[in-house]
Amino acid sequence: MTVERYALVTGANGGIGNAVAELLAERGRGVIALEGKHGGEHLSKSNIHRFSLDLASPGALEECVSIVNSLAPSGVNEVINCAAEFNTNVIEPRMIDHMLQVNVVWPYTLLSQIRRLATEDAKVILVSSVSSSVATTGCELYAATKAAVEALVRGFAFRYGSSGTRVLGVSPGLVRTKMAKAVLTDPGLSTLIASQTPSGRLADPIDIARGIAGLLSSDFEWTQGQTVIMDGGRSLGSYEPLHHVHAIQPPKET
């Protein structure tokens, strides 16, 4: 199959990242899928090229540029950053530093050097989280990193907008991924969250992937620097904040 457009997807070993990579591949993109340092176990379509890369490592950007140039020498047309590090009640300096590196420093570096990776009319989407604006006990540092992501969306949209590059964010609520496994294994808690959601259910990764694919389309050419909440409407109303999260230590998705 001849590929005319390429997308770079980070965090492609996670639930949302993998769903984005698979969906864009189905729609004809060549996908450069960057997984965490431990990689993933997903079956790939022929037009998905998967690479393991530790985004917190000092040489991550240079390795990313090398990978992109080897497959899409003219630059990728779309960049979707789904990579994230999630831990609760983080107090160890090493863990704090790693979360900041993956969740804030990496997307900042990626966007600041975007001209080395992408075409001038590229579409860039950073995945945030509703935790950036909704308090959840135990997730304060993670929430702060996601608020920083939304600041990056606004700042780089302003910087690059005149050249044709669009920068957007998406802010999912609770999604059925490995990251949320500890919540989802509690039937009472997952039922409570679904009952607080106007859509009446929890999201699957494909729900977020389809939203991202929509934002990448030309139908949203006039949308710039915005972060779109994708939580089924849960954040619209008032509800009891989650106080169970302090006990959660889910697997990492980087």
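The ellipsoid that matches the Cα gyration tensor of the range 149-202 has semi-axes, each √(5λ) in whole angstrom, of 35, 12, 8, with the longest given first. Can you figure out the FRET efficiency of I96 with D204, using R₀ = 30 Å and their beta-carbon distance, to the nearest 0.05? It comes to 0.45. Once both labels are positioned 7 Å from their Cα atoms along Cα-to-Cβ, the gap between L236 and A151 label points is 3.0 nm. Cross-link pairs exceeding 24 Å between alpha carbons, from the set K123/K181; K146/K181; K45/K181: K123/K181; K45/K181. Sorted from longest to shortest, the spans of the Cα atoms of the range 36-149 along the three principal axes equal 44, 30, 27 Å. Based on alpha-carbon centroids, what's the gap between the range 76-102 and the range 210-230 in Å, whole number please? So the separation of the two Cα centres works out to 23 Å. Applying the criteria of a DSSP loop state and at most 14 other Cβ atoms within 10 Å to the GluC sites (Glu not before Pro) of the range 128-231 yields E221. A Förster distance of 30 Å, applied to the separation of the beta-carbon atoms of Q113 and T191, puts the FRET efficiency at 0.10.
Taking 0.890 mPa s as the viscosity and 25 °C as the temperature, the Stokes-Einstein diffusion coefficient of the range 65-219 based on its alpha-carbon Kirkwood radius rounds to 145 µm²/s.
Quick note: the coordinates plus some simple rules give every number you see, no bench work behind them. Note that the structure is a prediction, hence the values are computed from the model and not measured. Reconstructed Cβ throughout: ideal geometry from the backbone, glycine too, with neighbour counts over all protein chains shown.
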